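Novice: Pasting in a structure now, in structure tokens, and then I'll have a few things to ask.
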Amino acid sequence: MTAGTATAERGGSLAAALGEIVGARHVRTALPERVTFARDGLPTHRHVPGVVVLPGSRDEVVAVVRLLAALGVPFVPRGAGTGLSGGALADDDAVLIVLTRLNRILAIDPVNRIAVVEPGVVNVRLSAAAAPHGLYYSPDPSSQTACTIGGNVAENAGGPHCLKYGVTATHVLGLEVVLADGQVVELGSPGGEPWGPDLVGLFVGSEGNFGIATRIRVRLLPVPRAIRTLLADFSALRTAGEAVSAVIASGIVPAALEMMDQSCINAVEDSVYAAGYPRDAAAVLLVELDGCREEAVAADADTIAGILRAHGARGVLSAADAKQRERLWQGRKKAFGAMGRLSRDLVVQDAVVPRSTLPDVLEAIGRIATAYGLTVSNVFHAGDGNLHPNISFDGRVPGLKARVDQASGEIMAVCIAAGGTITGEHGIGLDKLRYMPLIFDGDALAAMRAVRLVFDPLERVNPGKVVPIHACREWSGVRTHPGREPGDPRAGARGELSELAR
Amino acid sequence: MTERGGFEGLDSCVHCGFCLQACPTFLATGDESDSPRGRIELMRALETGELAPADPGVALHLDRCLGCRGCEPVCPSGVSYGRGLEAARALLTERRGVPPLVRAALGALTGADVSRFVYAVARLLRASGLPRRLAAWNRLGFAMGMLAATAPKVGGGRRRSVEVGRGAPHSNLHHPAPSSTTSPVLLFRGCVMEGLFSHVHDATIRTLQVNGYEIREVPAQVCCGALHAHAGLRDEARRLAQTNVAAFGDDDTPIVVNSAGCGAMLKEYGHLVDTPAKGRAFAARVRDVSELLAERGPRPGAPLDMTVAYDPPCHLLHAQRIAEPPERMLRAIPVMRVISMPDAAQCCGSAGLFTLVEPAMSRAVLAPKLASLAEARPQVVATGNPGCLMQLGAGLAAAGVPATVRHPVELLDESYRGAGYYA
């Protein structure tokens, strides 16, 4: 009997074995069910997983991971599937471990301003649970009404208010992690203070490559006592971009500084999230100031409004009350989801450029869109220089998807040439593998892979993502497990798992 | 009917996932296959033929959709999920027929002759008081609880409402009766509403009259066809729709409905009948009773000293996007405290025949709602749809929560009676 068939036989009972751990109804093997897990929030990528398993507790996750380790089967952790880089997709030879059922908030400690959550807790629900204590969880990705904290940790998620308060990594204090072999480790100190090398920082943003976070200890912040939200409208994209730099140069750090162009404005205004953005504006800036003293924040808001007007804003509106503020933000945060109003297919990009280059880069993106005959809508974290060009297209038109990919590549090249990088918050996943060699050389990529191997020596967790190891032999050069070739446990697992699982 | 039968309504989905947390079945299972986004994936695959309607994996998750349409008002791209679902269900039904239980229930509840007998027996049983005592979580017990919930009631919960204001003129002095000119409206009676909730029709007629409407009957009307359409029986739904369009004539007299499910269906006739223009004209006349009452204030009644949790039916809130009028209506009752549960906008799990054919999922969806009601302890849970009244009533009874369920219009009616408007 060869190793391959031995694995195949074990794989044949995989679904049954998984069912013994989590209950048969939480194991999905039927094709239609697996198809519903074949995409994330960037639906141009489609990979049908071999088996889907939905554990209901930390112990079940551990048992599942240990079973898969014993069988040498690769797996992919997934939260709500709202990621935007194809990161939470599994192929037919892998098991997708869906963590949505691990959705308990385990503790809220208002005195120390700490919460402990399971990975499937939806971002906005944590803030809702903390609200009675006057606290909230600060990272607020636009998908926060749907995305999970576990996914936020994997992607090191950002969001509008990260301009002032920092991205997910700033707010994660400790993690309990199940490694690829089923070992459970604690990263970070119990009190959240730095403790040895920053392994928490290493894990946050590892895109599911280092294991599964089963408990997440996060920082909570006091809800700001004073808030001002300004909406400035501009008749040109360039002046709006220049105003962004001017605001930052003022020395006042806004809580958030967002930009939306006309195409986005109209999509939102056509939707249930219509916020009253001026449809005739070439772009709007949404600027939020916050702090603990009403007068100080009001004074800052006046200063910023003056700067915006001096830099070409036709008008600056200040949200009259919490309700209007909420509407302005809902419009911004749901803009991505409203893109379906423009066309049936969508690719969203995620790049970061130095703020000062925004006006030029935005114009360059506009030129690329025109050259390719595509609609590109911009809605992004301007204060961070974190661009999100949304390319709308109809995938049924032959050849159009290829043109979209080319245009995406050119946009990325422009951002890199401007001194930027290929992701701000969406991660590399599958979608941006092809751009990695544009910013990292072989040594850097090899180093990244070496770090990954510390956590996952057999590269069984979320295989094929982030570091393009298989694309380029010369820098895949880190020595891996001796049995990577035939005889490797993974070799046998690479069959059609879904077939085996039946 | 459009060329693609409703599937085109799904085209604008860009997979953002903003619908996930609005979906009661996704919240119950955490499974993408039980989410709007996952089901859209299934429906698209059905349309392209990538998945077959005979595939049990497809049917399982489409059957498990409540059709509450809670995903629609949160969708930034305005995906017409409900229309896509009806198209998909029509394909499933074409392939496998209607499950026997669904067929039997449709016959019993909507069949012209059968239902008259069924409702008569049900009313007798209800009058015996037996269903109230048998209410429980098991299948029979839940059905009994549902039947018990249809009984006419006064006051709320185990506490009798304080009958302040009976015949007392104090509030009326400030709120004179509306002007003597009356507007005619046509009453849509439906099937379950007529069979088990005729007291709600009576309350509808009386409260509308107090607010200056004159109610006219339309004898040739039939069932709205909602249960048929949800079961994938489009042709039957279409036939019923055509009959109703003809029965209600083609002037512009408003058609008043007190069942959210029927109202939502009647407003969809433009997509269903052979002459869409006629269907649209009919749909434009359809008004929920709360809309008509809210338009006239409505006139305040006598105080009712009770706490009422208002639970909007999905087919009122999500399908018809009617949020404010029922609350205005309830606010016309002095003293009464109206509360809203944080999860009020979530489906109760009734969803027409869903509670009968998918009991496990239905109860799982109901559970969180019952838990929050058990904590808030209102005397009355008010909701404007027969299915929701029965589902919530049965759930409250089975869980031993001492609250009664009532249609909002019944509360206004009781308040008006106390004010002496009917004297």
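Bear in mind these aren't lab numbers, they're just calculated from the coordinates by the rules spelled out. It should be emphasised that the depicted structure is a prediction, and the values quoted were computed from it without experimental measurement. Heads up, the Cβs are rebuilt from the backbone with ideal geometry, glycines too, and the neighbour counts pull from every protein chain shown.
Novice: Provide a whole-number value for the mean count of partner chain Cβ atoms within 10 Å of the Cβ atoms in peptide A:23-32.
Specialist: Taking all residues of A:23-32 together, the mean is 4.
Novice: Could you line up A:Thr36, B:Thr204 from fewest to most neighbouring Cβ atoms inside 10 Å? Walk me through the intermediate numbers first.
Specialist: Values: A:Thr36 25, B:Thr204 29.
Lowest to highest Cβ neighbour count: A:Thr36, B:Thr204.
Novice: Mean separation of Cα pairs under 8 Å and 6+ residues apart, divided by the residue count of chain A: what relative contact order is that in percent?
Specialist: So the answer I get is 18 percent.
Novice: Taking R0 as 45 Å, what's the FRET efficiency between B:Ala281 and A:Leu31 from their Cβ-Cβ distance, rounded to 0.05?
Specialist: Once the sixth-power term is evaluated, E becomes 0.50.
Novice: So, one more: Can you bin the range A:339-434 into rounded, prolate or oblate? Criterion: square roots of the alpha carbon gyration tensor eigenvalues sorted a ≥ b ≥ c, rounded for a/c under 1.5, prolate for a/b above b/c, oblate for the rest.
Specialist: Since a/c reaches 1.5 and a/b is larger than b/c, the shape of the range A:339-434 is classed as prolate.
Novice: Let me ask something additional. Run the reach check for B:Lys278 against lysines, Cα to Cα strictly under 19 Å, same-chain hits fewer than 8 apart removed. What comes back?
Specialist: The reachable lysines, counting only those whose Cα sits under 19 Å from B:Lys278, are B:Lys267.
Novice: Let me ask another. At what distance in nm do the modelled label points of B:Ser198 and B:Arg96 sit from each other, each positioned 7 Å from its Cα along Cα→Cβ?
Specialist: Inter-label distance under the simple model: 3.8 nm.
Novice: Below 8 Å between Cα atoms, with a sequence gap of 6+, how large is the relative contact order for the range B:7-96 in percent?
Specialist: After rounding, I find 40 percent.
Novice: If the cut-off is 24 Å between C-alpha atoms, which lysines fall inside it for B:Lys369, apart from same-chain ones fewer than 8 positions away?
Specialist: Of all the lysines, those that pass the test against B:Lys369 - Cα under 24 Å, at least 8 places apart if same chain - are B:Lys153.
Novice: Let me ask you something else. Neighbouring Cβ atoms within 10 Å as the yardstick, rank B:Glu217, A:Glu242 fewest first.
Specialist: Lowest to highest Cβ neighbour count: B:Glu217, A:Glu242.
Novice: Further question on the same structure: Work out the FRET efficiency for A:Ala16 and B:Ala120 from their Cβ-Cβ distance, taking R0 = 60 Å, and round it to the nearest 0.05. Mind dumping the intermediate values first?
Specialist: Working: r = 52 Å, r/R0 = 0.86.
Efficiency at R0 = 60 Å is approximately 0.70.
Novice: How long are the semi-axes of the equivalent ellipsoid of chain B, taking √(5λ) for every eigenvalue λ of the Cα gyration tensor, in whole Å from largest down?
Specialist: 34, 25, 20
Novice: Taking every pair of alpha-carbon atoms in the range A:115-255, what share in percent sits in each 10 Å bin, from 0 to the bin with the longest distance?
Specialist: 11, 37, 29, 17, 6, 1
Novice: Over the residues of chain A, compute the C-alpha Rg and express it relative to 2.2 N^0.38 Å.
Specialist: 0.99
Novice: Give the Debye-formula value of log10 I(q)/I(0) at each listed q (0.08, 0.09 Å⁻¹), with one equal scatterer per alpha carbon of the protein assembly as shown, two decimals each.
Specialist: For the protein assembly as shown, the Cα-only Debye profile gives -0.82, -1.02.
Novice: If you average the alpha carbon positions of the range B:297-359 and of the range A:138-206, how far apart do those two centres end up, in angstrom?
Specialist: 41
Novice: Could you work out the relative contact order of chain B? I mean the mean sequence separation of Cα pairs under 8 Å and 6+ apart, divided by the number of residues, in percent.
Specialist: It comes to 20 percent, rounded to a whole number.
Novice: For A:Asp59 paired with A:Ala417, estimate the spin-label separation in nm (one decimal), with each label point 7 Å from Cα along the Cα-to-Cβ line.
Specialist: 5.9
Novice: If Rh is defined by the Kirkwood formula over all Cα pairs and Rg also comes from Cα, what ratio Rg/Rh do you get for the range B:7-96? Intermediate values should be presented prior to the final figure.
Specialist: Working: Rg = 11.9 Å, Rh = 12.8 Å.
Over the Cα atoms of the range B:7-96, Rg/Rh equals 0.93.
Novice: Using the Kirkwood radius over Cα pairs, work out the Stokes-Einstein diffusion coefficient for the range B:172-293 at 10 °C and 1.306 mPa s, in µm²/s as a whole number.
Specialist: Rounded, D is 107 µm²/s.
Novice: Straight-line reach from A:Lys432: which aspartates and glutamates have a Cα under 17 Å away, not including same-chain ones fewer than 8 places off?
Specialist: Reachable aspartates and glutamates: A:Asp40, A:Glu155, A:Glu207, A:Asp350, A:Asp405, A:Glu410, A:Asp441.
Novice: What order do you get for B:88-100, B:61-73 when each peptide is scored by the mean count of other beta carbon atoms within 10 Å, highest first? Display every interim value, and only then the final one.
Specialist: Working: B:88-100: 17.3, B:61-73: 22.9.
Taking the mean over residues of other Cβ atoms within 10 Å, the ranking is B:61-73, B:88-100.
Novice: Related question: Set the Förster distance to 35 Å, then compute FRET efficiency between A:Ala246 and A:Arg403 from the Cβ-Cβ distance, nearest 0.05. Before the final figure, lay out each step's value.
Specialist: Working: r = 36 Å, r/R0 = 1.03.
Between A:Ala246 and A:Arg403 the formula returns 0.45.
Novice: With a point put 7 Å past each Cα toward its Cβ, work out how far A:Ala128 is from B:Asp274 in nm, to one decimal.
Specialist: 4.8
Novice: Ok, one more. Summarise the partner chain shielding of B:130-137 as one whole number: the mean count of Cβ atoms from other chains within 10 Å of each residue's Cβ.
Specialist: Working: counts 0, 0, 0, 0, 0, 0, 0, 0.
Across B:130-137, the average partner-chain Cβ count within 10 Å equals 0.
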